[in-house]
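The values are calculated or read from the model by the stated rules, or taken from the named source; none is laboratory data. Predicted model only: the values in this text are computed from it and were never measured. Counting neighbours? That spans all protein chains shown, and the Cβs are built from the backbone with ideal geometry, glycine included. Surface accessibility is based on the protein's heavy atoms, side chains included, excluding ligands, DNA and RNA. Shrake-Rupley method; radii C 1.70, N 1.55, O 1.52, S 1.80 Å.
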Amino acid sequence: MVVLAGIYVLMPLFKEPKGNLDVDLLAETELDRLLDRKAVVYSNLKDLEFEYQMGRLSESDFQQLQAGYKNDAAAILQSLDELDASENLDEMIEKDIASSKAKRYASSPKPARDSSRCPSCGAEVVSGKKYCADCGHRL
Ligand SMILES: [Zn+2]
C-alpha cells in the first residue's frame, strides 16, 4: 500500500508532458545548444552596451561585465570549433570508409584477365596454359 501510494505520487512527475517536451527540445543537439548559448551571450552583450550608452552602468561595471560575456562567447566559439572539427572528422572517416568500399568493389568483381579461373574446378589458372593444373580441364 505504501509502495502504491509512492508510485501514485510519483506518476504525475513522469507523465508531465510539458517537462518532457522541454527536455527533448533542449537535448536536440550539442550544436543547437551552443548556438542558442551564443545567441544569448550576444544579446546580453548588446543589452549591456545599450545599458551603458543609456548611462545605467559605470564604465568599470560595463567593462567587467563585457569581459565576462566576451569570455563566455570565446568559450562557446571554441566549443563550436571543436564540434565542427569533430564533425569534419566524422565526415572524413565516412569518406574513408566509402572510398575503401569503392576500392574493394572496383577490384573484386572483375578478376584481372591474366589470372582467370578454371570453369570446371574454379582454381586460378595462369594465362597461356591450355589445361587446368588442378583438374586438367581444357581451357
Ligand atoms: Zn580445373
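Key figures for this structure:
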{"quantity": "Peptide ranges 70-76, 93-99 listed from the most packed, as the mean C-beta count within 10 angstrom indicates", "calculated": "70-76, 93-99"}
{"quantity": "Other-chain or far-sequence residues with amide H under 5 Å of V125's (modelled H)", "calculated": "S116, R117, C118"}
{"quantity": "Simple spin-label estimate for Y42 and A85 in nanometres, 7 Å along Cα-Cβ", "calculated": "2.3 nm"}
{"quantity": "3J(HN,Hα) from dihedral phi, segment 33-50, Karplus parametrisation 6.51/-1.76/1.60, rounded to Hz, x for glycine, proline", "calculated": "4, 5, 5, 4, 4, 4, 4, 5, 5, 5, 6, 4, 4, 5, 4, 4, 4, 4"}
{"quantity": "Solvent-accessible area, 1.4 Å probe, carbon plus sulfur percent, for segment 37-88", "calculated": "48 percent"}
